[in-house]
Amino acid sequence: MSKVYVHNRTGGPETQELIDRTIPQPGPGELGVTVHAAAVNPMDWKIRSGLFGSQRDLPAPMGREVAGTVNGVGAGVDGFTVGDAILGPVSPDFGGFAEDTIMVASDAVAKPEELSFIEAATIPIAAATAYDGTHQIELTPGQTLLITGIGGGVGLMAAQIGKVHEFRVIGTGSESKRTIVESTGATLVPSGDGLLSRLRTAAPDGVDLILDLVGGDALREVAELATSPERIVSAADPTTAVQLGGTALVHTKEALTRITSVIEYDLVDPHITATFSLARAGEAIAAVEQGHVTGKVVIDMDLL
């Protein structure tokens, strides 16, 4: 048997629990994975809360990105063998907050030896999103990138990517996150009353790209700063972005491989600020849901 963290109905944290299941076996085109680390994302609690519908079979495994070792190879899979260290997004029906899971082989990337499993677990969703978000509309050195919600895991990585490309990066977020945001070379403009005025002071000529990681009113408030509406890209609220004349973030296949190389060569730091054991997965999710941490939260399967 193998443990997996699930939510057994749509709702709040009280719906979550750690249960036993049979070790999942890979089908054609799939890999069985012994999970060493799994990163926590806002999407995890939002799915549990029903913000993206409630059509999933219950109990529904939680978690979307992992790093681990291959423990089984499905039919038709080439390039991977049992024991290989890999990272990637998991198949949604199996979850990542688990001792064992399933990954589509074409989504998997070899884990560089230079990266720990904990670091590698932050790459498949968060880092790849940051990469796509900063490349969907190409900027040139000196142009201005505005990131809403810059203090989270995706925002901090996007800020660092912007620095690598010599963009001028500004971001909105809590004043409590100033130190970590400014460590990336970005400028924090604190959220709250008067935000738009503060942003106009920081970027009097407007911004060349808005990478939205918050959505809703937070996006509407800053949208007019974009030099043109199509320069709004949202990873959090595509509906509002389109209403404003922008677009949804488009995920690309090559992003995972490219950002893995960037992190491998120490150009971007995932900023892992908290780790929890699988038994404490509920605390890990709560830390992200309540906004009590900056950077990335990771569940380390090797912790007791």
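The values are calculated or read from the model by the stated rules, or taken from the named source; none is laboratory data. Quantities reported herein were computed from a predicted structural model and do not represent experimental measurements. Glycine gets a Cβ as well: all are built from the backbone with ideal geometry, and neighbour counts include every protein chain shown.
State whether the residues of region 65-81 include one that is at pLDDT below 95 and either of a type in the set (A, V, I, L, M, F, W, C) or farther than 14 Å from A108 by Cβ (or both).
no
Checking I118 against (1) modelled with pLDDT under 95; (2) not in a loop (DSSP other than H, G, I, E, B), which single condition isn't satisfied?
(1)
Is it the case, given these coordinates, that V214 is touching a residue at least 12 places away in the same chain (Cβ under 8 Å), within 25 Å of G142 (Cα to Cα) and crowded, with 20+ Cβ neighbours inside 10 Å?
So V214 passes the test.
Every residue in region 281-302 that is at negative phi and small (G, A, S), please.
A281, G282, A284, A286, A287 - these are the residues of region 281-302 that are at negative phi and small (G, A, S).
I need a count of the residues in region 77-94 that are assigned to a loop (DSSP other than H, G, I, E, B) and touching an Asp or Glu at 6+ places or on another chain (Cβ under 9 Å).
5
Can you pull out every residue in region 136-166 that is of a type outside the set (D, E), surrounded by fewer than 24 Cβ atoms within 10 Å (Cβ to Cβ) and without any contact (Cβ under 8 Å) to a residue 60 or more places away in the chain?
Selection gives T140, P141, G142, K163, H165.
R178 passes all but one of (1) assigned to a loop (DSSP other than H, G, I, E, B); (2) within 25 Å of H292 (Cβ to Cβ); (3) not aliphatic (A, V, I, L, M); which number fails?
Result: R178 passes all but (1).
Please indicate, with yes or no, whether at least one residue in region 1-9 is over 26 Å from G72 (Cα atoms) and not in a strand (DSSP E or B).
Among the residues of region 1-9, at least one is over 26 Å from G72 (Cα atoms) and not in a strand (DSSP E or B), which makes the answer yes.
Restrict the check to region 136-150 and report whether at least one residue is in a strand (DSSP E or B) and hydroxyl-bearing (S, T, Y).
yes
Give the residue that is surrounded by the most Cβ atoms within 10 Å (Cβ to Cβ), with candidates limited to residues of region 18-72 that are within 16 Å of I123 (Cα to Cα) and in contact with a Pro (Cβ under 7 Å, 6 or more places away or on another chain).
So the residue we want is E65.
What's the number of the only condition in (1) farther than 22 Å from R258 by Cα; (2) within 16 Å of the chain's Cα centre (by Cα) that P89 fails to meet?
Looking at each condition in turn, P89 falls short on (1).
Considering only residues of region 265-304 that are among the hydrophobic types (A, V, I, L, M, F, W, C) and in a helix (DSSP H, G or I), which is nearest to I47 (Cα to Cα)?
Ranking the qualifying residues of region 265-304, first place goes to I285.
From the list T187, T239, T260, T201, exactly one residue is at pLDDT 95 or above, outside the structural domain of V66 (by TED's automatic domain parsing) and either surrounded by 14 or more Cβ atoms within 10 Å (Cβ to Cβ) or in contact with a helix residue (DSSP H, G or I) (Cβ under 9 Å, 6 or more places away or on another chain) (or both). Which is it?
T187
Quick one: would you say A286 is among the aliphatic types (A, V, I, L, M) and within 27 Å of A85 (Cα to Cα)?
Taking the combined requirement at face value, the residue does not satisfy it.
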